[in-house]
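The values are calculated or read from the model by the stated rules, or taken from the named source; none is laboratory data. Worth saying up front: this structure is predicted, and the values here are computed from it rather than measured. Every residue, glycine as well, gets a Cβ built from its backbone with ideal geometry; the counts of neighbours run over all protein chains shown.
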Amino acid sequence: MAFDSRISRRRLMAGAGAAAAAAFSPLGPAAVFSPSMASAASGRLIPDGKLGTITFTQRDVPTRVGIAASAAMGVPPTMGYLGGPEFPQNPDDLGPLVPLPGGWLELFEFLAGCGFKQIEFAGYGQNAANPGGAAPNPAPGGVTTAESRAAYLAYARTLRGFLDAYGLQAIGNHGFIPNTWYGPNSPGGTMSSQDYDRLQTELEFAAILGMPYMGTGGDPTSANNRNIEPWTVAGEKWEALNRISLQWGIHMYTHNHSPAYNFLQDGPLVTVTEDRVSGAPIPPTVVRAESGKRLMQHYLDVTDPELVVIEMDIYWAHVAQHQWRWRYDYDGKRVEDIFDPTAQVAKQTMRYALFHAKDGDATGQPDGVGDGYTMIPFGDPRSDIDFTSFFGNIGAKGYHNPNYEQDNAPGGSADPGRSLRFAKISAGNMATLRG
C-alpha cells in the first residue's frame, strides 16, 4: 500500500505510530477507500465517510498475535478463511486457509480495505506482541500518576498513527465513565480526585485519537429501575460529565439496550387484573401505572440537547418494539402501545449522534416473548429490520454515525476468520444501502 510522503498536521500529531504503520503492511495491497463527492447525491443512506464499525465486533482480532508478530517470533500465525474470489457476493466461498490479521495495525488495514472509514473502539487493549505493544494501565490501583498518564498517552499517539496510515477516523469509544460527578446527587456533591484525574486522562487520549465522542456501552442508569427518580438523576450526571468533556471538544454519550425503551413507571398505584403480555386474567395486583413515556425519552427530556447526545443500538430498539408492547394506564387497564424506533429518532434526530447498525433475523416468537430477533451480518438476506426505511425517514441525512456491530461475529477456534468475513459482508451492504 502506498502512503503519502508529505508531512501533514494529522501525521505530525501521530508521531512514531504513523512511521511504524507505513513501514509495515503484512496483508498485501489494501483497497484504498476514497470518499466520492458524488455519493451524497447518489441516494446513499450511509455516506462514504460515515461507514463505521465498533471493534467489539472484531474483538478476537486485536487480542491474537498477528502475521508480522508471528513471523518475528518464529511461530505459525493463526490460519483461517477470509473469502475466495466470489466472496462476499457468495458468502459460502470461504477461499483458502490464509494467515489472519492480529493486533490494531493489521485490523485497521483490513477494515480500511473493506471500505470502513470510522472506528468506534470497545477498549484499547491488544496482544502485547503486536506492533504498538500492550495498552498501558492509565490508573494502576485506581490512581493516575504522571508516569502512567505519559505512557498511556504515548500509546494513544501510536494508535493515532495506525489510524492515520489507513485513512481511518476514531469516532468514539466504550470505556471509562466516572461514578462521581459535580452535582447534588453525586457522593459529597462533587467528583472524586481519582475520577477527575482518570477522566481527564481518558479525554486527552480521545482527543489525541481525534474522537468527537467518548462514551459507554451501558444505559444512562440501570434500566431495571423504571421509576422516574433515577433517570432524572442520570440526566444530571451526564450533563455534568459533558460540561467537562466539551472543554476538550468531545461529547460523552450513553448506549442503550431494549430495557431502556421500556415504559417509565410514572403514574399512581393502580390495581390490575390482566397479565401485561398475554392479557389473561390474573389475581388483583397493585402496580405503578405508566403514562406511556419510555425511559430514554424521559432522559432526553430532562437533559440539555446542546450537551447530551446518545447512541441507539438499532437492533435492540427493534427488540424493544417486540418486547414492550403493553402498559398499564392510570385506570389499571392493559393498553397496547407499540414502540417505533424510526419515529423515536425522527422527533429528535440530532440527539442520536451515533448508531449501532446491528441487523436481526426474526425468531418468530410471540409478541412480548423473548428477544424476537437473532443477530446476523448487516444486510444479510435473512434480515427483518428495514434499514432503508429507518435511515430514509429519521431526518438529517448524513449527520449520524452508524457503526456495524454484531455481538456473535467471532467464530472462535472453529472459525477464527469469521468476524473479518462478516465485516466485509456488512461494509458492502452498508455502502449499497439506498433510499
From the residues in the range 170-192 that are buried (at least 19 other Cβ atoms within 10 Å of the Cβ) and within 26 Å of Leu105 (Cα to Cα), which one is farthest from the chain's Cα centre (by Cα)?
-> Ala170
What number goes with the only condition from (1) more than 30 Å from Glu229 (Cα to Cα); (2) assigned to a loop (DSSP other than H, G, I, E, B) that Phe176 does not pass?
-> (1)
So which residues in the range 193-225 are buried (at least 16 other Cβ atoms within 10 Å of the Cβ) and assigned to a loop (DSSP other than H, G, I, E, B)?
-> Gly210, Met211, Pro212, Thr216, Gly217, Asp219, Pro220, Thr221, Ala223
Kindly provide the set of residues from the range 314-356 that are in contact with a helix residue (DSSP H, G or I) (Cβ under 6 Å, 6 or more places away or on another chain) and more than 22 Å from Leu264 (Cβ to Cβ), ordered by number.
-> Phe355
Restricting attention to the range 116-136, and to residues there that are hydrophobic (A, V, I, L, M, F, W, C) and part of a strand (DSSP E or B), which single residue is farthest from His400 (Cα to Cα)?
-> Phe121
Residue match in the range 294-302 (condition: within 30 Å of Gly411 (Cβ to Cβ), touching a Ser or Thr at 6+ places or on another chain (Cβ under 7 Å) and not hydroxyl-bearing (Ser, Thr, Tyr)) = no
Which one of these does Ile228 not meet: (1) buried (at least 19 other Cβ atoms within 10 Å of the Cβ); (2) within 16 Å of Gln297 (Cβ to Cβ)?
-> (1)
Do we have Leu163 as assigned to a helix (DSSP H, G or I), among the aliphatic types (A, V, I, L, M) and within 25 Å of Asp407 (Cα to Cα) here?
-> yes
Answer with yes or no whether Asp331 is within 23 Å of Pro212 (Cβ to Cβ), outside any strand (DSSP E or B) and acidic (Asp, Glu).
-> no
Residues in the range 354-372 that are in contact with a Phe, Trp or Tyr (Cβ under 8 Å, 6 or more places away or on another chain) and not acidic (Asp, Glu) total 8
Is it the case that the range 309-321 has a residue that's modelled with pLDDT of 95 or more, in a loop (DSSP other than H, G, I, E, B) and more than 17 Å from Asn403 (Cα to Cα)?
-> no
Go over the candidates Asn429, Asn408, Asn403 one by one and state the one that is assigned to a strand (DSSP E or B), at pLDDT 95 or above and not hydrophobic (A, V, I, L, M, F, W, C).
-> Asn403
Restricting attention to the range 277-299, which residues are of a type in the set (Ser, Thr, Tyr), out of contact with any strand residue (DSSP E or B) (no Cβ under 7 Å at 6 or more places or on another chain) and surrounded by fewer than 18 Cβ atoms within 10 Å (Cβ to Cβ)?
-> Ser278, Ser291
Go through the range 279-290 and give me each residue that's outside any strand (DSSP E or B) and either touching a residue at least 24 places away in the same chain (Cβ under 8 Å) or within 30 Å of Ile54 (Cα to Cα) (or both).
-> Gly279, Ala289, Glu290
Among the candidates Ala240, Ala343, single out the residue that is surrounded by 14 or more Cβ atoms within 10 Å (Cβ to Cβ), part of a helix (DSSP H, G or I) and among the aliphatic types (A, V, I, L, M).
-> Ala240
With a cut-off of at least 1 residues that are touching a Ser or Thr at 6+ places or on another chain (Cβ under 9 Å), at pLDDT below 95 and among the aliphatic types (A, V, I, L, M), name the helices (runs of 4 or more DSSP H) lying wholly within the range 1-115.
-> 9-14, 16-22
Within the range 243-269, can you find the residues that are under 22 Å from Trp324 (Cβ atoms) and either among the β-branched types (Val, Ile, Thr) or part of a loop (DSSP other than H, G, I, E, B) (or both)?
-> Thr254, His255, Asn256, His257, Asn262, Leu264, Asp266, Gly267, Pro268
Exactly one of Leu159, Leu163, Leu153 is surrounded by fewer than 19 Cβ atoms within 10 Å (Cβ to Cβ) and within 25 Å of Thr254 (Cα to Cα), and that one is Leu153
Name every residue in the range 411-426 that is surrounded by fewer than 23 Cβ atoms within 10 Å (Cβ to Cβ), over 20 Å from the mean Cα position of the chain (by Cα) and outside any strand (DSSP E or B), in order of residue number.
-> Gly412, Ser413, Ala414, Pro416
Mind telling me which of the residues Gly368, Gly398, Gly392 ends up being touching a residue at least 40 places away in the same chain (Cβ under 8 Å), of a type outside the set (Ser, Thr, Tyr) and not in a loop (DSSP other than H, G, I, E, B)?
-> Gly392
Pairs, first under 17 Å from Thr216 (Cα atoms) and in contact (Cβ under 8 Å) with a residue 40 or more places away in the chain in the range 242-269, second in a strand (DSSP E or B) and aromatic (Phe, Trp, Tyr), C-beta under 7 Å, six or more apart = Ile250/Tyr213; His251/Tyr213; Tyr253/Tyr213
